[in-house]
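A short write-up of the structure that comes next.
The values are calculated or read from the model by the stated rules, or taken from the named source; none is laboratory data. Just so it is clear, the model here is predicted, and its values are computed rather than measured. Using ideal geometry, Cβ is built from the backbone for each residue, glycine included, and neighbour counts are taken over all protein chains shown.
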Amino acid sequence: MRRVDELREQTVWKSDPHTQVKHLVYRHYLQCWMGKILQTFPEATIVDAFAGPGVYTDGPPGSPIVVAKTFLEHTAYRRFNKLNLVCLEERTDRVEELRRQFAKLSPSPQLNISVQAPGVFAEQPRLSTLAHRGRAETPVLWLIDPFDLKSAPFSLIRRCLAGPRDEVLFTLFTNELHRFCQRENFDKTMTPYFGGTHWQSAVPERRGRREAFATAYQQGLKDQELFTGGFGIKVSNQSARYHLVLATHSEAGLKCWAPVTWKLDHYSGQGASAETAGALSLFDEASVVDRLDVALRAYAGTAQRWETLSSQAARLNHMDKHLRQVLDKLAAQGLAFRVDPVRARTAWPEGCTVRFYAPEDVADEAS
């Protein structure tokens, strides 16, 4: 049976390697998100908008169970406030199976599980009401992993981000976009999916078209004044099968996201397959930090606080360890100098101020 037929016809289906990588991303991000949010706010919500049956025929848990188990097994669980887990699934048979899977878990007074009656993501306004529980400021993380392009248009994604503490983790089907973007009339699907025609900028790209579509989608989110990150889920060492895209109102979301991507891809933080996720490589000591290097050099002639530099690093999907790595390199070239504090136990402590110089400044001094 073809994979597409299996997903359409069966209640439960077999897992695949790239799904396990996706769930690994979920778990790592949830570890950080829960650790921060559930110890700060009295309650928060996670919405799994395409929940599925909660299990695969070969045993691995589905995404709703991954969320619940991450909560129950978290090292900070005893300090957590309330988490609402809202699950939506279209098919009755899968809703029933999902409820059976949840019934196998140990109950917790801090975890409120709500499996909705069969429904579709187009009911987003109702889901949002359930998620926010009458308070727009309630933190809500939306997991949106649809089966096709038409089920999750950009207009609905944007609605999921209406609250000030809403976040979305979205599966972007970059392989399908790459394959079908030039088919006749496919623009009628593409434009609603992207929320505009900016997807067309990716079409001329040949070898890097999948990544170009991910960049275009993220640009649409940035145009909404959102912070965003992406990660390619690959099959073996081939191009990305799809991308996971994070959208958040807070830079704190990026501070959780970057460590996840670099944990799974030590070299570039951009993508992984089941074979490479978390694996060490020959390049581990030379992580790609070119964009961060360019960004810091642009500060030549100014002094910048650590907070500004850390923010810049996060926006480029880098962690503070990468920031320190680049600062070490620039300092060795005479292009970065810590001016405050005068004394410190480490070269680049949090809260420090760094002055940057241009190469010509150093050349003039040497002549």
*Within the bounds of region 5-12, is there any residue that is at negative phi, free of Cβ contacts under 8 Å to residues at least 12 places away in the same chain, basic (Lys, Arg) and assigned by TED's automatic domain parsing to the domain that holds Ser250?*
yes
*Pick from Gln200, Gln219, Gln224, Gln182: which is within 16 Å of the chain's Cα centre (by Cα) and surrounded by fewer than 17 Cβ atoms within 10 Å (Cβ to Cβ)?*
Gln219
*asked:* I need every pair where a residue in region 184-211 that is touching a residue at least 12 places away in the same chain (Cβ under 8 Å) and more than 19 Å from Arg159 (Cα to Cα) has its Cβ under 6 Å from the Cβ of a residue that is part of a helix (DSSP H, G or I) and of a type in the set (Lys, Arg), sequence separation at least 6 or different chains.
replied: Ala202/Arg209
*Set Pro53, Pro61: member being of a type outside the set (A, V, I, L, M, F, W, C) and out of contact with any Leu (no Cβ under 8 Å at 6 or more places or on another chain)*: Pro61
*asked:* Would you confirm, using the coordinates I've provided, whether Gly134 is without any contact (Cβ under 8 Å) to a residue 40 or more places away in the chain, surrounded by 14 or more Cβ atoms within 10 Å (Cβ to Cβ), of a type outside the set (Val, Ile, Thr) and part of a loop (DSSP other than H, G, I, E, B)?
replied: no
*Answer from Leu330, Leu323 - the residue that is hydrophobic (A, V, I, L, M, F, W, C), surrounded by 12 or more Cβ atoms within 10 Å (Cβ to Cβ) and within 22 Å of the chain's Cα centre (by Cα)*: Leu323
_Wholly within region 25-126, strands (runs of 3 or more DSSP E) carrying at least 2 residues that are in the same structural domain as Trp262 (by TED's automatic domain parsing), over 22 Å from the mean Cα position of the chain (by Cα) and surrounded by fewer than 19 Cβ atoms within 10 Å (Cβ to Cβ)_ = 111-115
*Say we look at region 227-251 and pick out the residues that are among the small types (Gly, Ala, Ser) and modelled with pLDDT of 90 or more; which of these is surrounded by the most Cβ atoms within 10 Å (Cβ to Cβ)?*
Ala247
*Would you check which residues across region 333-367 are in contact with a helix residue (DSSP H, G or I) (Cβ under 6 Å, 6 or more places away or on another chain) and exposed (fewer than 14 other Cβ atoms within 10 Å of the Cβ) and list them?*
Glu350, Gly351
*Filtered residues of region 227-262 (kept if over 11 Å from the mean Cα position of the chain (by Cα) and outside any helix (DSSP H, G or I))*: Ile233, Lys234, Val235, Ser236, Asn237, Gln238, Ser239, Ala240, Arg241, Tyr242, His249, Ser250
*What pairs come up if the first residue lies in region 143-167 and is within 14 Å of Glu123 (Cβ to Cβ), the second is among the acidic types (Asp, Glu), and their beta carbons are under 7 Å apart, counting only those six or more places apart or on different chains?*
Cys160/Asp166
*Limited to region 76-105, what total is found for residues that are under 17 Å from Ser128 (Cα atoms) and free of Cβ contacts under 8 Å to residues at least 24 places away in the same chain?*
0
*Select from region 1-24 the residues that are of a type in the set (A, V, I, L, M, F, W, C) and part of a loop (DSSP other than H, G, I, E, B) and write down the one among them that is farthest from Leu141 (Cα to Cα).*
Met1
*Only one residue in Leu88, Leu24, Leu30 is at pLDDT 95 or above, more than 18 Å from Ala117 (Cα to Cα) and touching a Leu at 6+ places or on another chain (Cβ under 9 Å), so which one is that?*
Leu30
_Could you check region 230-252 and list, in sequence order, the residues that are more than 18 Å from Asp145 (Cβ to Cβ) and either out of contact with any Ser or Thr (no Cβ under 9 Å at 6 or more places or on another chain) or of a type in the set (A, V, I, L, M) (or both)?_
His249, Ser250, Ala252
*Quick one: how many residues across region 311-367 are touching a residue at least 24 places away in the same chain (Cβ under 8 Å), aliphatic (A, V, I, L, M) and not in a helix (DSSP H, G or I)?*
7
